[in-house]
Amino acid sequence: MAWTKVASLKALKAQQKMKVEYQGVSVLLAMVHNKPYAINNQCPHMKASLYEGTIEDECVVCKAHGAKINLTNGLIERKAKILFISMPTKKTKTYMLKVEGDEISIQ
Ligand code: FES
């Protein structure tokens, strides 16, 4: 499968997170320990934009109901909660990235 250039590493380092489109899907790029990671931007709980969330350690925390999703593997570190009730929250898709110079490419 071909690699697709989606962002500048310099720009991502400056912003720490950004939204890009890949094959018609919104993807969140985020820096974790100075390395870029890519994850489906739709929260696996109720599809809120993870871009609107906050980055904590190697995770993104969804602004809507607090699901905490590991950016490196898509696993759920903390389920979404509504009124103190934990909601089923599935693992989400991550993408492979390649960095060449200042170019970040996705596959
Ligand atoms: S939509 Fe993200 S936690 Fe509910």
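No value in this document is a laboratory result; all are computed from the given coordinates. Note that the structure is a prediction, hence the values are computed from the model and not measured. Note that we place each Cβ from the backbone using ideal geometry, even for glycine, and neighbour counts take in every protein chain shown.
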Rg(Cα)/(2.2 N^0.38 Å) for region 68-107, N = residue count:
1.65
What's the local net charge at P36, with K and R +1, D and E -1, over the other residues with C-beta under 14 Å away?
+3
How large are Rg and Dmax for region 1-53 when calculated on the C-alpha trace, in angstrom?
11.3, 32
Please report the orientation-averaged projected area of the chain, defined via the convex hull of its C-alpha atoms, in nm².
6.4
Report, ordered by chain and residue number, the lysines lying within cross-link reach of K5, taken as a straight Cα distance under 27 Å and ignoring same-chain residues fewer than 8 apart.
K13, K17, K19, K35, K47, K91, K93, K98
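Could you work out the relative contact order of the chain, using alpha carbon pairs under 8 angstrom and six or more residues apart, expressed as a whole percent? Before the final figure, lay out each step's value.
Working: 231 pairs, mean separation 28.1, N = 107.
Relative contact order, the chain: 26 percent.
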Gap separating the Cα centres of region 1-57 and region 64-107, nearest whole Å:
10
Once both label points are put 7 Å beyond Cα along the C-beta direction, the Q16-M87 separation in nm becomes 2.5
According to a simple spin-label model (label point 7 Å from Cα along Cα-to-Cβ), what is the distance in nm between E77 and E52?
2.2
